[in-house]
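The values are calculated or read from the model by the stated rules, or taken from the named source; none is laboratory data. Just so it is clear, the model here is predicted, and its values are computed rather than measured. Neighbour counts are summed over all protein chains in view; Cβ atoms, including those assigned to glycine, are modelled from backbone coordinates with ideal geometry. For the accessible areas, the whole protein counts, side chains as well, though only heavy atoms, and no ligand, DNA or RNA atoms are used. Shrake-Rupley method; radii C 1.70, N 1.55, O 1.52, S 1.80 Å.
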Amino acid sequence: MHKKVNPFTHLWFHPVDTVKSVLMERSFWGIFFLAFLGAWATSLFGTMDQKNMVTSSGDLPNSFIIIFAGAVGAIFALIVGSIFTAFFYWLVGKILKGTGSFVALYKGSMFLTFPHFLLFPFVIIYLIAYPANFYNTDLDQTAGSITLAIIVGILAVICSIYTFIVGIVMLSEVHQFSKWKAFFTMILSVVVISAIIFACVGIFLGLTQL
């Protein structure tokens, strides 16, 4: 019988056991709720250093509206964005003789954002306490804003590393193949998705020049 684990604490020392436990024991919505904070944090983190969000008169966007918008973006990314990720994981995995189903990969793709839950409270505090520095408006940094920026930066790197680890373990478990095949499945999927995005952007820019 598989031992239940607490993913919030177990992940950092036993990522393989954590991924196995979540995939075996959690439902679609169970994984969604686990992944939501991480997706929300990722959405908010993406707005850091975005000077274009500040108006020409120097007005900053309302922090609570940005937080709400980040939550909406997180829901969209988990429910809709994960469909595309799961599709390419399924397609590339099948080429490499994987046996995983699309539904299982869909659930697993959502879980990729989970490690970023660690980032959530620090991004929220940074955004609310130092919005001008959060958006990099070239104002003088305070000791508090510098400290938070460093913490957020370090945690973002750690969470990204664990997201990569979770992705490889998830693909290996769902497709029932080696970690190396899981690695190449992830890399090839990212390359294909990036190529499609760049192609779409190129076509759009080309059309605007007509």
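Considering only Ile187, Ile168, Ile150, the mean-square fluctuation computed in a Gaussian network model of the chain, springs between alpha carbons under 10 angstrom, is largest for Ile150.
Amide H to amide H, with H built 1.01 Å from N, Gly100 comes under 5 Å of His175, counting only residues 5 or more places away or on other chains.
Leaving out ligands, DNA and RNA, and with a 1.4 Å probe, what % of the accessible surface on the chain is carbon or sulfur? Intermediate results must be reported in sequence, preceding the final value.
Numbers: 8430 of 11440 Å².
Taking all protein chains in place, the chain shows 74 percent carbon and sulfur surface.
Estimated at the nearest 10 Å², the accessible area of Ser101 is 60 Å² with a 1.4 Å probe. In the elastic network of the chain, a GNM with C-alpha springs shorter than 10 Å, the most mobile of Phe87, Phe33, Phe64 is Phe64. Pairs of lysines in the chain whose Cα atoms sit within less than 21 Å of one another amount to 17, provided the residues are eight or more positions apart or on different chains. The solvent-accessible area of Ile197, taken with every protein chain present and a 1.4 Å probe, is close to 100 Å². Accessible surface ranking for Met186, Met24, 1.4 angstrom probe, highest first: Met24, Met186.
Of the residues Thr18, Pro131, Gly144, the one whose Cα sits farthest towards the positive end of the charge dipole of the chain is Thr18 (charges of +1 on Lys and Arg Cβ, -1 on Asp and Glu Cβ, taken about the Cα centre). The residues of segment 63-117 expose on average 46 square angstrom of accessible surface per residue, using a 1.4 Å probe on protein heavy atoms.
Remark: segment 127-135, residue by residue, has Karplus-estimated 3J(HN,Hα) of 5, 6, 7, 9, x, 5, 6, 4, 8 Hz, where x stands for each Gly or Pro and the curve is 6.51 cos²θ - 1.76 cosθ + 1.60 at θ = phi - 60°.
For the chain, the longest principal axis of the Cα atoms and the long axis of helix 63-76 meet at an angle of about 20 degrees. In degrees, nearest 10, range 0 to 90: what is the angle between the Cα axis of helix 82-95 and the longest Cα principal axis of the chain? The two axes meet at around 40 degrees. To the nearest 10, the accessible area of Asp59 is 90 Å² with a 1.4 Å probe.
At 222 nm, what value in deg cm²/dmol follows for the chain if DSSP H runs of at least 4 each add -39500 (n - 2.57) and the sum is divided by all its residues, to the nearest 500? The helix-only estimate for the chain comes to -23000 deg cm²/dmol at 222 nm.
Among Gly98, Gly81, Gly144, the largest mean-square fluctuation in a Gaussian network model of the chain (Cα springs under 10 Å) belongs to Gly144.
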